[in-house]
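The values are calculated or read from the model by the stated rules, or taken from the named source; none is laboratory data. From a predicted model like this one, the values you see are computed outputs, not experimental measurements. With ideal geometry, Cβ positions are generated from the backbone for all residues, glycine too; neighbour counts draw on all protein chains shown.
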Amino acid sequence: MPLPLLVCRTAWMDHYRGVTAKDTPTGGGAWVKEHGFGHEAYNFEPVRDEYFGYVRPTGSGINLSKLGGSADDQQLDGVTVVWVATHPAEGGTRVVGWYLNATVFAEYQAPPTKKGRRLPDGEAPWFLVRARDAVLLDRDERVFEVPRGKGGMGQSNAWYPDAQAAAQILKYVERGGRRYPVPLRPAKPRLVDVDRRLRIEATAMKAAASWFADRGYKVDDVSMDRLGWDLEARLERAHLKIEVKGTSLDADAFVVEVTPNEYAKMTNAEHRDAFRLCVVTNCEDTPVVAVFAWSVDTETWATGDGARQLAIEERVAARISLAVE
């Protein structure tokens with residue numbers, strides 16, 4: 001894992017690909033509160049396979065000497081940059097993503113040219129960090145809080161952690177946003193018919209529960225209660241309702257079905273915001289978990305990064321028996 005480490009606090013957004021009516025920045029300090037946006041709005045939209053990150057530090061830029069550079073350096077390569085923001089509903093300064101092997105600049109850099117990459121005031125966003133390797137966590141994955149106060153992050157939006165604090169954050173990044181190492185799972189034997197279906201369902205439930213538990217959620221199996229979802233996951237004020245579907249098909253070619261009760265809960269306004277459809281593919285080899293949530297931005301069920309969306313075909317069923325006169 002590359003060193004040194006820079007932690008940058010920005011406003012909270014779902015996608016950081018521009019300000020839209022359904023993805024507006026929250027938090028982020030006085031500038032965002034006054035103007036309704038910040039230059040970090042494009043931190044995770046690539047331009048020619050590169051990412052350009054903005055943070056508003058105290059002073060005119062980044063203190064490269066605190067990252068191992070010299071006082072005369074104008075830029076420093078090989079920095080891990082972790083982006084954090086305050087959760088709008090639950091509080092806490094959460095890790096939302098990171099850049100690996102990034103270049104950090106001492107002073108603001110002119111915006112990269114890309115048509116349509118404009119803030120609400122018509123200006124293009126400036127930047128202080130540039131990288132090719134970036135990870136943005138889904139909304140439900142943003143569970144890691146950086147320490148605050150003594151020994152932790154202070155009031156400045158740019159934090160240069162000491163070795164002890166950096167080690168914990170870097171370990172979290174190294175694990176891909178999981179609090180615990182991901183255990184290697186042996187391949188499952190291929191079964192047939194009912195036994196095969198039950199094994200796939202059990203594998204999917206275990207993989208889904210582990211996905212949320214690895215991110216710090218307390219997970220309960222409520223599948224026997226017939227609520228319209230299989231798992232409930234809690235973390236502080238978050239309470240998610242998770243329906244799990246497993247399949248042996250690949251992640252790019254799956255088809256799953258939900259029951260009328262599950263679909264009713266999935267689409268009901270009372271449950272929709274907290275409802276998650278967790279599709280576990282490749283269940284007979286190495287399970288792959290994808291979590292779909294309702295996106296108010298696209299009005300579809302999509303993964304947290306918006307890259308994958310569900311196509312839903314509604315069907316009508318009926319129970320038919322012989323009429324008795």
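Laid out as a table, the results:
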{"item": "Ser248 vs. criteria of a type in the set (Ser, Thr, Tyr) and touching a Cys at 6+ places or on another chain (Cβ under 8 Å)", "result": "yes"}
{"item": "Residue within segment 276-285 that is among the β-branched types (Val, Ile, Thr), out of contact with any Leu (no Cβ under 8 Å at 6 or more places or on another chain) and within 23 Å of Val135 (Cβ to Cβ) present", "result": "yes"}
{"item": "Test result for Leu240, modelled with pLDDT of 90 or more, hydrophobic (A, V, I, L, M, F, W, C), assigned by TED's automatic domain parsing to the domain that holds Leu277 and outside any helix (DSSP H, G or I)", "result": "yes"}
{"item": "Residue in segment 252-270 that is at pLDDT 85 or above, basic (Lys, Arg), over 28 Å from Ala134 (Cβ atoms) and within 20 Å of the chain's Cα centre (by Cα) present", "result": "no"}
{"item": "Selection count where residues are in a helix (DSSP H, G or I) and within 20 Å of Thr267 (Cβ to Cβ), scope segment 209-222", "result": "0"}
{"item": "Where Gly151 falls short, out of the listed (1) modelled with pLDDT under 85; (2) within 19 Å of Ala233 (Cβ to Cβ)", "result": "(2)"}
{"item": "Tally, over segment 43-91, of residues that are among the acidic types (Asp, Glu), farther than 24 Å from Val143 by Cα and touching a Lys or Arg at 6+ places or on another chain (Cβ under 8 Å)", "result": "2"}
{"item": "Strands (runs of 3 or more DSSP E) fully within segment 43-162 counting 1 or more residues that are acidic (Asp, Glu)", "result": "75-86, 93-109, 133-136"}
{"item": "Matching residues, segment 115-144, being over 22 Å from Asp23 (Cα atoms), touching a residue at least 60 places away in the same chain (Cβ under 8 Å) and acidic (Asp, Glu)", "result": "none"}
{"item": "Residues within segment 243-266 that are in contact with a Phe, Trp or Tyr (Cβ under 6 Å, 6 or more places away or on another chain) and assigned to a loop (DSSP other than H, G, I, E, B), tallied", "result": "1"}
{"item": "Answer from Pro147, Pro161 - the residue that is touching a residue at least 24 places away in the same chain (Cβ under 8 Å) and in the same structural domain as Ala85 (by TED's automatic domain parsing)", "result": "Pro161"}
{"item": "Pairs where the first residue, in segment 67-82, is in the same structural domain as Arg94 (by TED's automatic domain parsing) and exposed (fewer than 14 other Cβ atoms within 10 Å of the Cβ) and the second is of a type in the set (Ser, Thr, Tyr) and part of a strand (DSSP E or B), C-beta under 6 Å, 6+ apart", "result": "Asp77/Thr103"}
{"item": "Qualifying residue in segment 303-314 (condition: modelled with pLDDT under 95, in contact with a Lys or Arg (Cβ under 7 Å, 6 or more places away or on another chain) and not in a loop (DSSP other than H, G, I, E, B))", "result": "no"}
